[in-house]
Amino acid sequence: MSRLYGDPIEVWTREGRPAQFVWRDRLYLVHRVTDHWVVAREWWKTTEGDPGERRFWRVEAGQGSVLGSYELRFDTAGGDWLLMRAWD
């Protein structure tokens, strides 16, 4: 079962991929990226020099040996990260 959130998170990357993130004051270590995709914004919402992409990663992450699946989103226009979805 998945839950939608849209919560702001702090993310540290390694080689352009999420390596760890803080959500609700807890640190999650990314063990594996299971999917990655990019969605371009509508052309009328972009700014010059920024294509306005939204980059998504589906990851397995957790604290210690307890892992879950999470969908993270990075918005290139604002530089903001969100936790979009989590699976039990």
Complete set of residues in region 74-88 that are more than 11 Å from residue 21 (Cβ to Cβ), assigned to a strand (DSSP E or B) and in contact with a Gly (Cβ under 7 Å, 6 or more places away or on another chain): 84, 86, 87
Subset of region 56-73 that is surrounded by 17 or more Cβ atoms within 10 Å (Cβ to Cβ) and either touching a helix residue (DSSP H, G or I) at 6+ places or on another chain (Cβ under 6 Å) or charged (D, E, K, R) (or both) - its residue that is farthest from residue 16 (Cα to Cα): 71
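We did not get these values from a lab; they are worked out from the coordinates using the rules stated. All of these numbers come straight from a predicted model, not from anything done at the bench. When we count neighbours, we look across all protein chains shown, and the Cβ atoms used for this are built from the backbone with ideal geometry, even at glycine.
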